[in-house]
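The values are calculated or read from the model by the stated rules, or taken from the named source; none is laboratory data. Predicted, not measured: the structure shown is a model, and the values here were computed from it. Positions of Cβ are generated from backbone atoms using ideal geometry, with glycine treated the same way; all protein chains shown enter the neighbour counts.
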Amino acid sequence: MDLFSSLVVAYFLGLGLAMVFRKRTRSVSGPWLFLFRAFFPNWQFFHGLGPAPRLWVRAQGPDGQWSDWQLHYPRMARRSLQWLHNPEVNLALSHQNLVEHLASDIHALPENGDITRFVSYRLVTRLARQAVMAHSQNRYADGSGTPPVQRSFQFEVRLLFLSNNESALLIQSPVMPWTA
């Protein structure tokens, strides 16, 4: 066994032992145990059908006007070769998984806890910025002009109740300046 394989086995063995000897809570905590979550999706949907977290974004243009809130939940068109090679859909699923991890972190947050210190919050902030850029570029995709430079952006995570198509606000970010 080469060195890399030995390190990977040791890493997972260490994480497995840490999971066995951890405090009996439902969530994985600790800065290095958090990395273990990256290997597995958020499996909470198996506990029952409940609200689904969705990311909504908006941007403030150079004139100071805010755009409407836009849902960022990319749905990809199906193609015949997706069962063989599917990077776009896998990336979209990982983005949604990131939003679900943020919702899970918010629910597990202690009273007066700061969600902005969590890695999932920082990653969703970056995802929201990319979503604003994508929405802006899609609006001008027909060649009718160039997308304006944004002044700031904001995102919300809302829980969408699938049974009655209503939503509840889980978190709203502060207005964040657009930095290049």
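Tabulated data
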item: Boolean, residue 93 is of a type in the set (A, V, I, L, M, F, W, C) and within 13 Å of the chain's Cα centre (by Cα); result: yes
item: Answer residue from the stretch 148-175, given it is more than 18 Å from residue 98 (Cα to Cα) and surrounded by 15 or more Cβ atoms within 10 Å (Cβ to Cβ) and is modelled with the lowest pLDDT among those; result: 150
item: The listed residue being in the same structural domain as residue 67 (by TED's automatic domain parsing), touching a residue at least 60 places away in the same chain (Cβ under 8 Å) and either under 27 Å from residue 149 (Cβ atoms) or not in a helix (DSSP H, G or I) (or both), out of 124, 99; result: 124
item: Within the stretch 64-88, considering residues that are in contact with a Lys or Arg (Cβ under 9 Å, 6 or more places away or on another chain) and surrounded by fewer than 10 Cβ atoms within 10 Å (Cβ to Cβ), the one farthest from residue 98 (Cα to Cα); result: 64
